[in-house]
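Inspection log for the structure reproduced underneath, given as structure tokens.
The values are calculated or read from the model by the stated rules, or taken from the named source; none is laboratory data. The shown structure was predicted, so the numbers you read here are calculated from the model rather than taken from an experiment. Cβ atoms come from the backbone with ideal geometry, glycine included; neighbour counts cover every protein chain shown. Note: accessible area is taken over every heavy atom of the protein model, side chains too, but ligands, DNA and RNA are not part of it. Shrake-Rupley method; radii C 1.70, N 1.55, O 1.52, S 1.80 Å.
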Amino acid sequence: MKLEELRFGTELIKRGFASMQKGGVIMDVVNAEQAQLAEEAGAVAVMALERVPADIRAAGGVARMADPQKIVEIIDAVSIPVMGKARIGHFVEAQILEALGVDMVDESEVLTPADEQFHIDKAGFSVPFVCGARNLGEALRRVNEGAAMIRTKGEAGTGNVVEAVRHMRAIMGGIRALKGMDSQELVDRAREIEASTELVIECANLGRLPVVNFSAGGIATPADAALMMQLGADGVFVGSGIFKSADPETTARAIVEAVNHYDDAKVIAEVSKGLGEAMKGLDVHLLREEEVLQTRGR
Amino acid sequence: MGVKVGVLALQGDVAEHIAAFREALADRPGSLVAPVRKAAGLADLDALAIPGGESTTISRLIGKNGMYEPLAGFGGGVFATCAGMVLAADRVDDPRVRTLNLIPMHVARNAFGRQVDSREVYLDVAGLVDPFRAVFIRAPVATEVGPGTEVLARIPEGVVAVRSARHMAFAFHPELGGDLRLHRMFLEGLGV
């Protein structure tokens, strides 16, 4: 081994970390006990939070990065990766999360944005980032800034999958539409969706995003999770859906199995039995404009 | 003659393993590389790749899907990376992972620390002329190897590449990065 050739935080390491999460469920947790329950249930990672999105909605006010002490408590409780959320554009919150030893930073619209013009320059960090997106242009702008993973934004804290579906269809459809385009048309499309031409061409060649793409924002049941997988997600984030359900432990296990067997309706039917009340959802059409999270960052 | 390779497809970087083996077998007509999600898919395989991912999650799904016995008794060669290396071992430092006992070695999970400690190194591997660009991602190491387990590469933290009979295990990810020399070494060792 040549020590002078030791390298950290390369694109391959950051995107590779995201690849290891594929086919998995990442669960929002607010304390060590919930983190252990998630790990036991088969989560591939946990998202360490002060409050789940449904409670962030209810609390109102400015939502910020969680208390570092809480994050450390969760890091110490589990062996699976721990992720943390920083506000959009708040690169110091991201620096703090990196210093705490968080395995991935979510630059998240669920928190109140700190910068309405710029996202964090993610390429400069050793820790990998995941970012939300509603369509192909937004996803590729985030990749261009250095995101190693994308997740559809959906509408967090609603327990309503409709926006997650809309965003996954927009991204997958946006990529399918590139197929058959010649190079001039690809350049034109890149301009139209405000994305880098290089990345648009890469998507056209790969037939998918160049990074892992999870689904998030409104997944509340095993069926919701399997729906997102069948629509093309590489895995799912479940936020309020687990710890706002009647039986978090059984719901967590059921969602892990539904993702594993996303194309086997018999298994999904079996694990969906007797889960009790799912989280009470919100009709996204009844949200006031300032309550909509997905329009934060573009 | 073609080679039949399955990739355990419960969780992790399955697609990357499939792509790497397909490329490594491009010059072997009649070869087949396919994901394996059920015990029935293990029949007739010459080799099985156990991918990187979360070893606790994969171990749980192996149990849930009734695949523990079929995997532990798999008759072909196993190509295991990262979480796969943890599963292929016969001893691990974490009771939540039920190892498949395919390779005599003791493995420690997450031997490098957090994700920011994940690294790329140019590694000397026994049997390769030039160093291999090895990507370690929250990687394990073997802290001790049993009789019959050949050490192919080692770093200060521990053993990171081994061979035992027709099995090979790596703490890093030969399926990422496009260098297929270790895949070819494994395929030659199968004797198919």
Worksheet item: If we keep just the residues of region A:112-135 that are within 14 Å of chain B (Cβ to nearest Cβ) and in a helix (DSSP H, G or I), which is surrounded by the most Cβ atoms within 10 Å (Cβ to Cβ)?
Response: A:Lys122
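Every residue, every condition in (1) open to solvent by less than 30 Å² (accessible area, probe 1.4 Å); (2) under 17 Å from A:Asp28 (Cβ atoms), yes or no:
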site: A:Cys203; (1), (2): yes, no
site: A:Pro210; (1), (2): yes, no
site: A:Ser215; (1), (2): yes, yes
site: A:Thr221; (1), (2): no, yes
site: A:Leu231; (1), (2): no, no
site: A:Arg253; (1), (2): no, yes
site: A:Asp263; (1), (2): no, no
site: A:Lys266; (1), (2): no, no
site: A:Glu289; (1), (2): no, no
Worksheet entry | Hey, B:Lys4 within 14 Å of chain A (Cβ to nearest Cβ), over 21 Å from B:Ala153 (Cα atoms) and among the basic types (Lys, Arg) or not | no
Worksheet entry | Which numbered condition B:Ala89 fails, given (1) under 16 Å from A:Met20 (Cα atoms); (2) aliphatic (A, V, I, L, M); (3) out of contact with any Asp or Glu (no Cβ under 8 Å at 6 or more places or on another chain) | (1)
Worksheet entry | One residue from B:Gly177, B:Gly127, B:Gly146 being of a type outside the set (A, V, I, L, M), at pLDDT 95 or above and within 18 Å of B:Ala24 (Cα to Cα) | B:Gly127
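Conditions (1) open to solvent by 40 Å² or more (accessible area, probe 1.4 Å); (2) within 13 Å of another protein chain (Cβ to nearest Cβ); (3) without any contact (Cβ under 8 Å) to a residue 60 or more places away in the chain, marked per residue:
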site: B:Arg133; (1), (2), (3): yes, yes, yes
site: B:Thr149; (1), (2), (3): no, no, yes
site: B:Val159; (1), (2), (3): no, yes, yes
site: B:His167; (1), (2), (3): no, no, no
Discussion item. Which count do you get for residues in region B:42-59 that are touching a strand residue (DSSP E or B) at 6+ places or on another chain (Cβ under 6 Å), within 14 Å of another protein chain (Cβ to nearest Cβ) and of a type outside the set (A, V, I, L, M)?
Written reply: 1
Discussion item. Yes or no: region B:112-121 includes at least one residue that is of a type outside the set (A, V, I, L, M, F, W, C), buried (at least 16 other Cβ atoms within 10 Å of the Cβ) and in a loop (DSSP other than H, G, I, E, B).
Written reply: yes
Worksheet entry | Within region A:195-298, helices (runs of 4 or more DSSP H) holding 3 or more residues that are among the polar types (S, T, N, Q) | A:248-260
Worksheet item: In region B:23-109, which strands (runs of 3 or more DSSP E) lie fully inside it and hold 2 or more residues that are open to solvent by less than 40 Å² (accessible area, probe 1.4 Å) and closer than 20 Å to A:Val78 by Cβ?
Response: B:103-108
Fill in: region B:169-182, residues that are touching a residue at least 60 places away in the same chain (Cβ under 8 Å) and of a type outside the set (Gly, Ala, Ser)
B:Phe170, B:Phe172, B:His173, B:Pro174, B:Glu175, B:Leu176, B:Leu180
Fill in: Every residue from region B:94-124 that is over 18 Å from the mean Cα position of the chain (by Cα), more than 10 Å from chain A (Cβ to nearest Cβ) and charged (D, E, K, R)
none
